[in-house]
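Everything on this sheet refers to the single structure shown next.
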Amino acid sequence: MSRKKKHNENHIDESWLLPYSDLLTLLVALFIVLFAMSEIDSEKYNQLSTVFQEEFSGGASFMEESNAPNESTVDIPEDEEEHEKPEDPKQVSKEDEELEELETIQEHINSYIKEEDLEEVFDTKLTDEGLLLTILNDISFDSGSAEVKERGQRLAKDVSELLYTDPPHQIVVSGHADDRPVYNAEFASNWELSVMRAINFMGLILENDQLDPGKFSAKGYGEHQPIVPNNSEANRAKNRRVEVLILPNYDITTNE
């Protein structure tokens, strides 16, 4: 009994080794996680998943249940997804219809220009904004004046008939001036001169009762949008002009 008791006293309790080994395992797993997070790719991710699955038994690894990176999967930003959406056939069709209608109006106006031999004073052009009708030369205005000349008044009446459409379109009348400074009591600058040219010409157009005044607007550009250099009397006469912009009823920027 004495010898047995002595043997028990010399035996060391090793029960603390079990929690110690678990702690070391967790520390190793934590180190692997931190290392993998520093530069993660699909290969390291798979290795990390395998380590955790081996260390923690009892079913599928929690890493497998998460959204693991996949080399074959590419996230597309929302704006790119919207950009790659196919065009709505209805929207394309509506835009084509408006373009065809503007082309028809242009053909009608061009026929009038040819019949009246007005190629030197009238010009039409399809732009990104709509159908632009330009009235050139000093047929409408004298230099420094916003009063529409007699021949310009007849042109305004003819233009008013050409602008009638069903359904009606928005119409923007813009005035322009040459580069000569204005020196009179009526206008302080070419800005005011160009705006009044647009307003006066628009007023003559709206004498046509078939047109809706609510569809019209006027603006002036002064001398800042010349179509030719202001280096001769003939060119200044061309820059002294009004323009009539026929807008499409379908706005491609808003799809309305």
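The values are calculated or read from the model by the stated rules, or taken from the named source; none is laboratory data. This is a predicted model, so every value here is computed, not measured. Cβ: placed from backbone, ideal geometry, glycine included. Neighbour counts: every protein chain shown. Just so you know, the surface numbers come from the protein's heavy atoms only, side chains and all, with ligands and any DNA or RNA stripped out. Shrake-Rupley method; radii C 1.70, N 1.55, O 1.52, S 1.80 Å.
Computed quantities for the displayed model
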item	result
Pairs, first closer than 27 Å to Tyr183 by Cβ in segment 146-166, second modelled with pLDDT of 90 or more and charged (D, E, K, R), C-beta under 6 Å, six or more apart	Ala146/Arg197
Residue count, segment 181-196 (criterion: assigned to a loop (DSSP other than H, G, I, E, B) and either touching a helix residue (DSSP H, G or I) at 6+ places or on another chain (Cβ under 6 Å) or under 21 Å from Arg151 (Cβ atoms) (or both))	2
Selection from segment 138-167 of residues that are of a type in the set (Lys, Arg) and open to solvent by 80 Å² or more (accessible area, probe 1.4 Å)	Arg151, Arg154, Lys157
Residue count for segment 119-137, restricted to those that are over 16 Å from Ile171 (Cα atoms) and either open to solvent by less than 10 Å² (accessible area, probe 1.4 Å) or touching a residue at least 12 places away in the same chain (Cβ under 8 Å) (or both)	6
Failed condition for Phe201, given (1) open to solvent by 30 Å² or more (accessible area, probe 1.4 Å); (2) touching a helix residue (DSSP H, G or I) at 6+ places or on another chain (Cβ under 7 Å)	(1)
Test for Tyr250: is it over 25 Å from Glu103 (Cβ atoms) and of a type in the set (Ser, Thr, Tyr)	no
Only listed residue being of a type in the set (D, E, K, R) and modelled with pLDDT under 90, chosen from Arg197, Arg151	Arg151
Hits in segment 209-250 (condition: over 20 Å from Trp191 (Cβ atoms) and open to solvent by 70 Å² or more (accessible area, probe 1.4 Å))	Asp209, Gln210, Asp212, Pro213, Pro229, Asn231, Glu233
Contacts under 6 angstrom Cβ, first residue in segment 224-252 being among the hydroxyl-bearing types (Ser, Thr, Tyr), partner modelled with pLDDT under 85, 6 or more apart	Tyr250/Lys94; Tyr250/Glu95
Subset tally (residues that are open to solvent by 40 Å² or more (accessible area, probe 1.4 Å) and farther than 18 Å from Ala237 by Cβ) for segment 168-195	10
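Each row is one residue, and each column tells you yes or no for (1) in a loop (DSSP other than H, G, I, E, B); (2) of a type in the set (Ser, Thr, Tyr).
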site	(1), (2)
Arg154	no, no
Lys157	no, no
Thr165	yes, yes
Asp179	yes, no
Ala198	no, no
